[in-house]
Structures are given as structure tokens and as C-alpha cells.
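The values are calculated or read from the model by the stated rules, or taken from the named source; none is laboratory data. Fair warning: this is a prediction, and the values are worked out from it, not measured in the lab. Note: ideal-geometry Cβ built from the backbone for every residue, glycine included; neighbour counts use all protein chains shown.
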Amino acid sequence: MHWEYVIPGYLAVFGSLAIYTVLLLRKARRLAAQVPPEKRRFLHD
């Protein structure tokens, strides 16, 4: 197998997923902070 192509391919895929996940969570937290307390539907006291 051509490992010089396989390993960078996997690194590109999983690296992209990791970056996307971090950006998505940061955006979600930023948007969640903008929701007024009376409109929040979180399950905590």
C-alpha cells in the first residue's frame, strides 16, 4: 500500500473534522449565550 498517500489523507480528513468540530462548538456557545434566560430550554437548575 502507498502509505505516503494514505497517512496524509487520513490526517487531512480527521484534522478537518476536528477543526470543524471546534468551530461549530465555539459558534454554538456564542449563539447560546445570546438567548435570553427565560427562553432557554436547558435542563439545569
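The condition of being of a type outside the set (Lys, Arg), assigned to a helix (DSSP H, G or I) and surrounded by 10 or more Cβ atoms within 10 Å (Cβ to Cβ) holds for Leu23.
What about Tyr5, is it aromatic (Phe, Trp, Tyr), surrounded by 10 or more Cβ atoms within 10 Å (Cβ to Cβ) and either in a helix (DSSP H, G or I) or at pLDDT below 95 (or both)? No; evaluated as a whole, the condition is false for this residue.
The condition (being exposed (fewer than 10 other Cβ atoms within 10 Å of the Cβ), free of Cβ contacts under 8 Å to residues at least 12 places away in the same chain and not in a helix (DSSP H, G or I)) is satisfied by just one residue among Arg30, Arg41: Arg41. Residues that are within 11 Å of the chain's Cα centre (by Cα) and among the polar types (S, T, N, Q) within region 18-41 comprise just one, Thr21.
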